[in-house]
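Novice: Okay, here's the structure, questions in a sec.
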Amino acid sequence: PWQGRSIAGCKLRMLEFSAFLEQPQDPETVNKHLFVHIGQSNPTYSDPYLEAVDIRQIYDKFPEKKGGLKELFEKGPPNAFFLVKFWADLSINLQDDSSFFYGVSSQYESAENMIITSSTKVCSFGKQVVEKVETEYARFESGRYVFRIHRSPLCEYMINFIHKLKHLPEKYMMNSVLENFTILQVVTNRDTLETLLCIAYVFEVSTSEHGAQHHIYRLLKD
Amino acid sequence: NPAGHVPMRARQLPASFWQEPRT
């Protein structure tokens, strides 16, 4: 049931995704602030399919040369492509403190035992500025294979970006910067090079009192 | 926006793209 209703291709499903800041309060307490978060969902057949977005509407927001979004989509499989619109929660006081930890955690599951590679490209005006590549091995748990990228440190570029964004006095200014800031995550089977999931992330600042929000879309070519 | 960049608002995107969920 999760196919078409959550971030799931034929062979890999995203269970959880978060980018966060941990601030130690005292030796026993750590304050965790979630900038963005996709929680566990358990869709059923009665849930509606995700809305679709024509991938051509966003090609220019991501790398367009060799290995870019267009080429990746042409290679397929088409049901592995998603767009996530995040409303990031920036309602937090940031100070420079070396005891702070900026991290990203994500979890995936599969019926297959494999080794996955996750490439995360941060893009400005559609051009890649930094890339992180991570390799993850499966753990067999409760009848399926689980992949955990646990507390991966956020890179210096991203930490500086968040700090600069926070210094802007108005939300509309932050959104204007975020309009040209995107992230492309591609999860691949390391050995077969098959695309398992391709997730295009775009951002606005949350105005909600309930923290980070998101919408997930299927990407397709009409 | 620099020349050639089409604003997101000018693109064909679902209405929900501009509506922050209130959950």
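Novice: Return the single residue from A:191, A:89, A:54 with maximal mean-square fluctuation; model: Gaussian network over chain A, springs between Cα atoms under 10 Å.
Specialist: A:191
Novice: Another one. Show that you can apply the helix-only estimate: for chain A, add -39,500 (n - 2.57) for every DSSP H stretch of four or more residues, divide by all residues, and state [θ] at 222 nm to the nearest 500.
Specialist: -3500 deg cm²/dmol
Novice: Ok, one more. Hey, what do the phi angles of the range A:213-222 turn into as Karplus ³J(HN,Hα) couplings, whole Hz, using 6.51/-1.76/1.60 and θ = phi - 60°, x for Gly and Pro?
Specialist: Running phi through 6.51 cos²θ - 1.76 cosθ + 1.60 with θ = phi - 60° gives 10, 7, 10, 10, 10, 7, 9, 8, 10, 5 Hz.
Novice: If you take the C-alpha gyration tensor of the protein assembly as shown, multiply each eigenvalue by 5 and take the square root, what semi-axes do you get, largest first, in whole Å?
Specialist: Sorted largest first and rounded, they come to 26, 24, 18 Å.
Novice: Are any of the pairs A:70/A:166; A:65/A:85; A:32/A:166; A:61/A:221; A:132/A:164; A:11/A:121 more than 26 Å apart by Cα-Cα distance, and if so, which?
Specialist: Beyond 26 Å: A:70/A:166.
Novice: Something else now. If you build a Gaussian network model of chain A, linking Cα atoms that sit under 10 Å apart, which residue out of A:168, A:196, A:154 swings the most?
Specialist: So, out of A:168, A:196, A:154, the one fluctuating most is A:168.
Novice: Distance between Cα centroids, the range A:89-122 to the range A:207-222: provide it in whole Å.
Specialist: Each part's Cα centre sits 18 Å from the other's.
Novice: Quick one: order A:123, A:155 by neighbouring beta-carbon count within 10 Å, fewest to most.
Specialist: Listing A:123, A:155 from fewest to most nearby Cβ atoms yields A:155, A:123.
Novice: Starting with the fewest neighbours, write out A:22, A:194, A:209 ranked by other beta-carbon atoms found within 10 Å of each beta-carbon.
Specialist: Least crowded to most crowded, the residues run A:209, A:22, A:194.
Novice: Right, next: Which ³J(HN,Hα) values in Hz, rounded to whole numbers, follow from the phi angles of the range A:120-132 under the Karplus curve 6.51 cos²θ - 1.76 cosθ + 1.60, where θ = phi - 60° and Gly and Pro get x?
Specialist: So the J values, rounded to whole Hz, are 10, 10, 8, 10, 10, 6, x, 9, 5, 10, 9, 9, 10.
Novice: Check which residues have an amide H placed less than 5 Å from residue A:203's amide H, if you skip close sequence neighbours.
Specialist: Here A:86 satisfy the definition.
Novice: Quick one: if you stick a label point 7 Å off each Cα along the C-beta vector at residue A:113 and residue B:11, how many nm between them?
Specialist: Placing both labels 7 Å along Cα→Cβ, they lie 4.1 nm apart.
Novice: Ok, one more. Defining a contact as two alpha carbons under 8 Å apart and six or more residues distant in sequence, what relative contact order in percent does chain A show?
Specialist: Once divided by the residue count of chain A, the mean separation gives 31 percent.
Novice: Quick check on the protein assembly as shown: of the DSSP beta bridges with both residues there, what percent are antiparallel, nearest 5%?
Specialist: Just about 85 percent of them are antiparallel.
Novice: Kindly put A:15, A:90 in sequence by how many other C-beta atoms sit within 10 Å of each C-beta, fewest to most.
Specialist: Listing A:15, A:90 from fewest to most nearby Cβ atoms yields A:90, A:15.
Novice: Turning to a different aspect of this structure: Out of all DSSP beta bridges with both ends in the range A:85-222, state the antiparallel percent to the nearest 5.
Specialist: Around 90 percent of the beta bridges assigned by DSSP in the range A:85-222 are antiparallel ones.
The numbers here are math on the coordinates, done by the rules we state, and not lab data. Keep in mind that this is a model prediction, so the values were computed, not measured. Glycine gets a Cβ as well: all are built from the backbone with ideal geometry, and neighbour counts include every protein chain shown.
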